[in-house]
Each structure stands twice: as C-alpha cells, then as structure tokens.
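S.K.: One structure coming up, written as structure tokens, with questions to follow.
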Amino acid sequence: MSQIKSVLLWENQRRYIREAIDAGTLKGAIIPTGSTEQHNEHLAMNHDTASAVHVSKLAAQKLFPQVIVTTPLAIGVSEHWMDHKGTLTLRPEVFGEVLYDVADSLRRHGIENVLIVNGHAGNAGPVRERLDGFRERLGININFHSYWEAYTSELIKEQMESGVCPGHAAEFETAFGLAAFPQNVDWEGVDYDNAKLTISDPRQAESDRAYHHQAKLATAEKGEVMINVAVDWVAEKMREMIG
Ligand SMILES: [Zn+2]
C-alpha cells in the first residue's frame, strides 16, 4: 500500500509523498506555526514551535496515514517581545506571505485540505486577517486554530491552579514543556528579583512577574492532560476536513 512513512513531511523521501498523493491515501496537511521568542527565565525560546509541532504530530498519528505535518514556521510575529534579547520577529505581512506560500506548495502537489495549527498567540490576528484572502486565492479547504482553543473554561479551572491559560510561559506552557520536552524547562540559577530585565511597558513588567510565579505551579501531569485534550481536538478538526 502506498502511504507516507512518517507523519512528519521532512522525514520522508520523495517517493513516499508522491505515491501517497497519487494513491489518494494522503488527504490533508497540518502546518504548525510557532515563534522563537522569550519565554520568561526558565522556558526555552522554541516553546511555541515545539508545542505546535508536538500537538500536530500526535494528531496526525491518530489519523495515520492520511495526514502529513509540514515543516513548522518557527519564527512568528513577536514584535511585542523585542524588549527581550534573543526574540526573533517577522513583520505580519512577511509571516502571512510565507504561510501562504507553504499552503500554496501543498496545493500545487494536490493536497487540498490544510489546517494551520498555531502555538503562538501573536500569530493569530495576522492569520485571521488574511485567512479569507488565502481561501479565495488558493481555492482549497484551509482553516486556522490555535491549539488551546480546545480548552473549555471548566477544564482550565480544573487543571490550572492559576486559572490562566494559555498565558505566556506561565503555568500552562510550563506544564506542557514538563510533559513533552522537560529539557526545555530550566530553573537552574533563576533569580527573578535580581535579573536585569529591560521591559519598557509597565503592564508587561507586571504580567511577566505574575507569569513567572504562576509557572512554578506547573507539573508534568497537568501538561499531559492538556496535551491529550488538544491532540484529540486537533485530530477531530482535521478529521472533519478530510472526511
Ligand atoms: Zn509561548
């Protein structure tokens, strides 16, 4: 049977993709979108990209071999975090055009169901503004969701002691990191009160401090629960699209 070898596009040789498309076994694609940006003092800069890929991969595995996950957009729209050294940002129009070209590449290969799975809040506005235009220009079935849209307020209340989700590098994202890639969570030598922070917006400085303290409430167990809910939800969205 002609099918993909791995749900991650970049792990396949061309023959697997070609044969899966030709045989009609490959029915849809997920484009994960993330960021490379500050995640407070303890969480690695790739969190949004890594979490979007993680959810996308597990969701695609539930639908194997019908769905492929493309190379993620690992730099997002992060102008609001440029106070923090290391953050990389794209202008919204550049981000939008790169995303468009990835979706158009899929269309040109005959993949007409494309779900964008987002892991960085700053990307949501720029994509939502452009999505209807994408649909019109591409003529394919294309949708966009941040994976935390999966969470009901009841679930958040039940799982997050801080009551905050997604927040930023707070309890939720830290719990996700502890469950999925614990090496990304590094509290070693963190001394928030003496750190030389350069946050120009006082409201951001306040929320940064609050998120820092909320992050300490995170556990891998909470992360596991939240990841499973997001994976099932994304798989269902994709199943509807290819059904
Ligand atoms: Zn994040």
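Since every read-out is calculated from the coordinates, none of them should be taken as a lab result. The model shown is predicted, which means the values in this text are computed figures rather than measured ones.
S.K.: Return the calculated 222 nm mean residue ellipticity for the chain, to the nearest 500 deg cm²/dmol, obtained by summing -39500 (n - 2.57) across DSSP H runs with n ≥ 4 and dividing by the residue count.
M.R.: Rounded to the nearest 500, it is -15500 deg cm²/dmol.
S.K.: Quick one: which of Lys62/Lys157; Lys157/Lys222; Lys5/Lys27; Lys27/Lys62 span more than 18 angstrom between C-alpha atoms?
M.R.: Going by Cα-Cα distance, Lys62/Lys157 fall outside the 18 Å limit.
S.K.: I've got another one for you. May I ask you to derive the relative contact order of the range 93-243, considering only C-alpha pairs under 8 Å and at least 6 residues apart, and to give it as an integer percent?
M.R.: Computed over the range 93-243, the figure is 25 percent.
S.K.: Follow-up question, since we're still on this one. Take the alpha carbon atoms of the range 212-238, find their center, do the same for the range 68-96, and report the distance between the two centers in whole angstrom.
M.R.: 22 Å
S.K.: Starting from the Kirkwood radius over alpha-carbon pairs of the range 1-69, derive D by Stokes-Einstein at 20 °C in a medium of 1.002 mPa s and give it in µm² s⁻¹.
M.R.: For these conditions, the coefficient is 166 µm²/s.
S.K.: Okay, next question. Considering only DSSP beta bridges whose two residues both sit in the chain, what percent are antiparallel, to the nearest 5?
M.R.: 15 percent
S.K.: Next question, about the same structure. In the range 50-120, if every C-alpha pair distance is counted and binned at 10 Å from zero, what percent goes to each bin?
M.R.: 18, 43, 29, 9, 0
S.K.: Right, something else. Assuming 1.002 mPa s and 20 °C, estimate D for the chain with Stokes-Einstein, Rh taken as the Kirkwood radius over Cα pairs, in µm²/s.
M.R.: The Stokes-Einstein estimate is 115 µm²/s.
S.K.: What is the helix-to-structure angle for 171-180, meaning the angle in degrees between its Cα long axis and the longest Cα principal axis of the chain, kept from 0 to 90 and rounded to the nearest 10?
M.R.: 50 degrees
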